[in-house]
Amino acid sequence: MGCVRCWQHLPGWKATAALLTATMALLTTLTAVALMVSVFHLGGSLTGRSVLYMGPYDTASRTNLAIHLVINIAASGVLASCNFFMQILVAPGRRQVDAAHAAGRWLEIGVQSFRNVLVGAVPFWKALLWILLALSSVPLHLLANGCVMQSKASTNLMIAIVAEGFVTEAGTVPFSLPGIAVDPDARGGGNLETLKDIAKKVARPARWEKLNYSSCIGRYNRTDNIMRNYRHLVMVLGHMNGSAADKGWAREAVRTEGLTGKYVASASAVNYLWWMGDLLRTDKALRYTDSWPIPRSLLSGKFMVDLDQSGVLTLDKKRAREPWVQMKVQYCLSERFDAPSKLEVDNLLLLVVLVMFALKCTLCVFVWVVQGRSRDESLLTPGDAVESFIVTPDPTTVGMPQSRFGHDSANMAVQGDGMEDMPLLEQTLLANTPQLILSVCYIAYNGIFTRIAAEFEWASFSVKHRPLRVTRKKGQQKSTWRLQLPYHWSVPLLITSIMLHWLYSNAIYTSIYTGYSGSYPYTYQDDTTGLQYSSVTILICFTISFAISLIPLVLACVKLPGNMVVCGGNSAVISAACHLITPPASRERARLPFDKLDGDVQVSLIDSGRETLILAARGKLRWGEVWVPTGKDSQWFVYGDQGARHLSFGTEDQNIHEPTDGQWYAGIKERSNVAEMAETLDMELDVMGQQPLLNIYTNLSFCYPYHGSPDKVIEILNNGLSRLGKSFPWLAGRVVTEDIGTGKANTRIRPRHDTPCVEMRDLREDSRVPSLEAMENAGFPIQMFDETRFCARTTFNPPGPSGPTNEVFMVVAALVKGGLVLSFSGIHSVMDMTGLEQSIYLLSKACRNAPYTDEELRVGNMEHKNLIELLDDSYEPGPELAHQLVQPPPPGGEATPAPEPRPCDWATFLFSAPSLSQLKARANENLPPGSFASTDDALTAFIWQAIARARTERLGVDASTMLARAVDPRRFLKLPKTYPGLVQNMTYNTAPSLRGLTEAPLSEVALGLRSELVDAEGMAYRCRALATYMSRVSDKGLVSVAADNRAGQDVQISSWAGVEAYGMDFGIGLGPPVAVRRPMIPPVVEGLLYLLPKTPKGDIPAILCLATSEINKLREDPEMSKLATYIGPNMSE
């Protein structure tokens, strides 16, 4: 039941994908079982063939047809499944669509689109998977039908011309080779043991069929008649008057001349055998060698003149005696015989098919999992696109206008030079080439019908209000398991594909010809492979194919419903139709005709109210004519003197009409709600940003492979920063501190530029800067990222007039050999790491020409003041601030001088995804019910314990240690999680002794860290207390997150593992970064740690500033060596 409930909660496409993947996994499993049975049970080898069935030809033929029907059902199902996943892979996300529209291109939505791959709208990994799914179908459809082949057995035979007594007195009359008719120069043959076997069997009438001479000749005298159901032929010779020669012949009574030779018996001896000879009637004999009919060629010679069509045998009168000059065949006996036919499995081909099944199944699982976890959901159906464009309108489209059937022995063989010597694999590939062509045609037809169905669905929105069909149902929307093609289209198409694949597999196919000797003991001779074709089946295939080719032409004549613009899957057309308007009047007023509406009715853009927009997308929609007011304050472009109307989707509350010929239609003006802020920028920072110690910069570098021109990069960044500055003017400002030294210092953001600063640095010839390849080979250690070269500002930026200007946000694009390093600098007094992440994200969006949502504009331009509610006047500082207040020196004394800093360095360790999973599992062992530890908790606790072990020898086991951990309190203070300003606090955990810390279970330490975060009210109170205290004191320098930090004994950690940096590409077309690092700052803060952004593989790099000796101890630590990889630098103690 749990699985059923889980299945029911899957979105439409995921449920279909899961079903198709499960089906492909089942097919893969069954194929693997079939291969193992074939190899181990049927006794074949992995590179050879196994006998699946041996028996009558007709049974083998019917079974072969059924097996090939099953094979083609499976192959067609796999092809349809792959087409489903390929359509998912080429479906663009909203980011790709926005970037394409900004570049003046459009993408295809809801259809199988090679165009999306060609224009680079699909990420590289998706394009690669798309190509692999397509290419893996080639060997599958070329080889699948060749896995099972029918072996068509046939036999050679003997012809014996005998006297009547040979039949009536079988086994008792004398006979000997070569027979009465043979002289030394005549052509004869035979085999005595075979003749004895015939004599023995001829006495059993059930095995023999009696024929007149004409029927006998019709069966045996055709060189195209392969012997599968009959074998030996016995002709009974008699007198012309119709009486049989039942007593045999004596040589002296028949012939006028004597014979010599080792085969000649006594002239007076009676012999019931007149003549015996071989007749070749196997496939190989008739297809690849010369064979001959019965008259003349076999029987004529010096003695015998002719055996005519009536059965009269005429002898040479000079050599024959009366009455034997002319004799006549009285009747014939034909031996019934079923040559055993086989069904054989080619294990090597089956192995290739199994590998292709497994590859496709793996690819489908990967697509299902990765696509399901993607942040940027793909627009799989036109309904998805409509919903997305309604909820978030695209500014770039504002104002845009809108013989015998089957494997039968009678079928002809494919003849040609070298055909006999062609290997079986080449014959299989040649025979199944139509299967590959048919598969390509299926994909093409599926695409044609998908486009037609999508157009009908799109056009239906102009007829009446309908809910959107989407992949994730919300509100009145519909969700189906299919992507686009309706079942009443897709099922017949799939069935037709199966039937055509099956028919073509019977039109031309590989055959195995098994030949049996015609001489006793009738041993197996050889196998010969070849190609056969069925003219009837080919005619059927061509007839059906031609009829199917006419279907799109017929559908093209069907008129689309309504009067909607043709879409064709064009993303720009869909976007242009989704700029909605809605009158805020009542439902009744909205239903009034246009001419009844007052001229002063105000029309608001739906995108000014996101909730209204979402509700519209989740309800029923119709496309058509919507009334638009005019006037100087209108948000619409109007052409002409008359009032304009707008073409777009509308809700049920609106009176939607069909478009009218000759009517003016309006487009939307793009509005800016931040222009006023840019002109009057004077933003006072919150009390958190007033700390003088925060006049530092946070830097983050993104590494991309790049070999192109710097002009493209700087152009994209300039355009993006221009948009960023216009939408968020404070990011282009500078931080100034007024009234320094008066005790009333005030830090604010003032205008400096219209656009945040960007700088291009070409470091390709700088010998001190490694190439991207060298960085990657080394694992991107922090030492390779010198912030003086890669960043606009160093971390410890000199404050005051002598230092550089404190811009809020800056970018440096540095070219290195083989790569591009984008570094972003954000001043810490304005933004913490979460704020820097959001600022970088907003820039990436601007570089891709993606529109900002109302929520992003609202949150991004929030005032940076009075965000944290202060406590009332009764508040007095308590233990909640014990670790954050700088303690004054004792009365009458001097402050204790800080100890001399020890030489330190930075070390980089990489924790892989499996190691992190192992740590998290250990951290959650034996926890109290309802408790848990996150991966971040587990990793932080593990590193703290490792550092404690490294310091024990120097500090002693009884020394205490403290961990100060930076936290993001936005959720505790009910602030938006994407607020780009500074909202940061610390938690503090103290271990009374290093021994206790190192010996404690990891779960106990991790739970201690987690306990500081589970009390939401307590964390909110601590933040409010800190803000309250800072608001009361004039010297903000009395507050410090490291007020009581003991260098060399305590640890400070800031985790950036949750920063989603690897999803940002900035519209340059480089894909995700290969690494994201914090550039190296001077190693002067011993015990400072950073957990860097998690990689797409799930790995987390950690950088640690520690004494050199302790770095070496960490490298030698068994636990660290087991779970972490040290990637730099190399050093000795």
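Considering every residue within the stretch 86-94, establish whether at least one is more than 15 Å from LEU363 (Cβ to Cβ), charged (D, E, K, R) and assigned by the TED database to the domain that holds LEU494.
yes
Out of VAL90, VAL97, VAL51, VAL111, which single residue is of a type in the set (Val, Ile, Thr), modelled with pLDDT of 85 or more and either crowded, with 17+ Cβ neighbours inside 10 Å or under 30 Å from ILE226 (Cβ atoms) (or both)?
The match here is VAL51.
Tell me which residues, restricted to the stretch 949-961, are assigned to a loop (DSSP other than H, G, I, E, B) and either in contact with a strand residue (DSSP E or B) (Cβ under 8 Å, 6 or more places away or on another chain) or farther than 29 Å from VAL1014 by Cα (or both).
Matches in the stretch 949-961: GLY956, VAL957, ASP958, SER960.
State which residue is modelled with the highest pLDDT when the search covers only the stretch 676-721 and only residues that are among the hydroxyl-bearing types (Ser, Thr, Tyr) and surrounded by fewer than 16 Cβ atoms within 10 Å (Cβ to Cβ).
Among those that are among the hydroxyl-bearing types (Ser, Thr, Tyr) and surrounded by fewer than 16 Cβ atoms within 10 Å (Cβ to Cβ), it is SER709.
Those residues that are surrounded by 19 or more Cβ atoms within 10 Å (Cβ to Cβ) and either basic (Lys, Arg) or assigned to a loop (DSSP other than H, G, I, E, B) (or both), I need them from the stretch 1011-1040; list them, please.
ARG1022, ARG1024, LYS1036
Using beta carbons and a limit of 6 Å, which pairs, at least six apart or on different chains, have the first residue in the stretch 551-575 and over 12 Å from ILE452 (Cα atoms) and the second one surrounded by 11 or more Cβ atoms within 10 Å (Cβ to Cβ) and acidic (Asp, Glu)?
ASN563/GLU658; SER575/ASP394
Looking at the structure I just gave you, is ALA1061 over 24 Å from SER701 (Cβ atoms) and of a type in the set (A, V, I, L, M)?
Answer is no for this residue.
Would you point out which residue out of GLU344, GLU322 is assigned to a loop (DSSP other than H, G, I, E, B) and more than 29 Å from the chain's Cα centre (by Cα)?
Residue meeting the stated conditions: GLU322.
Please identify the pairs in which a residue from the stretch 330-347 that is under 15 Å from TRP208 (Cα atoms) has its Cβ atom under 9 Å from the Cβ atom of a residue that is polar (S, T, N, Q) and outside any strand (DSSP E or B), counting only partners at least 6 apart or on another chain.
Going by the 9 Å Cβ cut-off, the qualifying pairs are TYR331/ASN212; CYS332/ASN212; CYS332/SER215; SER334/SER215; ARG336/ASN229; PHE337/ASN229; ASP338/ASN229.
Output the residue which, of all residues in the stretch 962-1003 that are polar (S, T, N, Q) and in a loop (DSSP other than H, G, I, E, B), is farthest from LEU1089 (Cα to Cα).
THR978
If a residue counts only when it is aromatic (Phe, Trp, Tyr) and under 23 Å from TRP458 (Cβ atoms), which helices (runs of 4 or more DSSP H) contained entirely in the stretch 19-134 have at least 1 such residues?
57-90, 114-118
Among the residues of the stretch 814-830, is there at least one that is closer than 22 Å to VAL983 by Cβ, modelled with pLDDT of 90 or more, in a helix (DSSP H, G or I) and within 42 Å of the chain's Cα centre (by Cα)?
no
Can you tell me how many residues within the stretch 831-860 are modelled with pLDDT of 90 or more, assigned to a loop (DSSP other than H, G, I, E, B) and hydrophobic (A, V, I, L, M, F, W, C)?
Residues in the stretch 831-860 being modelled with pLDDT of 90 or more, assigned to a loop (DSSP other than H, G, I, E, B) and hydrophobic (A, V, I, L, M, F, W, C): 1 in total.
Anything in the stretch 159-195 that is surrounded by fewer than 14 Cβ atoms within 10 Å (Cβ to Cβ) and modelled with pLDDT of 85 or more? List them, or say none.
Matches in the stretch 159-195: none.
Among ASP754, ASP739, which is the only one that is in contact with a helix residue (DSSP H, G or I) (Cβ under 6 Å, 6 or more places away or on another chain), at pLDDT below 95, surrounded by fewer than 17 Cβ atoms within 10 Å (Cβ to Cβ) and of a type in the set (D, E, K, R)?
None of the other options fit; the residue is ASP754.
Of the residues in the stretch 694-714, how many are of a type outside the set (Ser, Thr, Tyr) and in a strand (DSSP E or B)?
5
ALA913 - would you say it is modelled with pLDDT of 90 or more, under 36 Å from the mean Cα position of the chain (by Cα), surrounded by fewer than 19 Cβ atoms within 10 Å (Cβ to Cβ) and among the hydrophobic types (A, V, I, L, M, F, W, C)?
Taking the combined requirement at face value, the residue satisfies it.
List every residue pair whose Cβ atoms sit under 9 Å apart, with the two residues 6 or more apart in sequence or on different chains, where the first one lies in the stretch 438-451 and is under 15 Å from GLY568 (Cα atoms) and the second, anywhere, is outside any helix (DSSP H, G or I) and of a type in the set (Asp, Glu).
What qualifies is ARG451/GLU108.
Only one of these conditions is not met by VAL138: (1) closer than 30 Å to ALA431 by Cα; (2) modelled with pLDDT of 80 or more; (3) not in a helix (DSSP H, G or I). Which number is it?
For VAL138, the exception is condition (3).
The values are calculated or read from the model by the stated rules, or taken from the named source; none is laboratory data. Everything numeric here is computed off the predicted structure, so don't read it as measured data. Methodologically, a virtual Cβ is constructed for each residue, glycine included, from the backbone with ideal geometry; neighbour enumeration extends over all protein chains shown.
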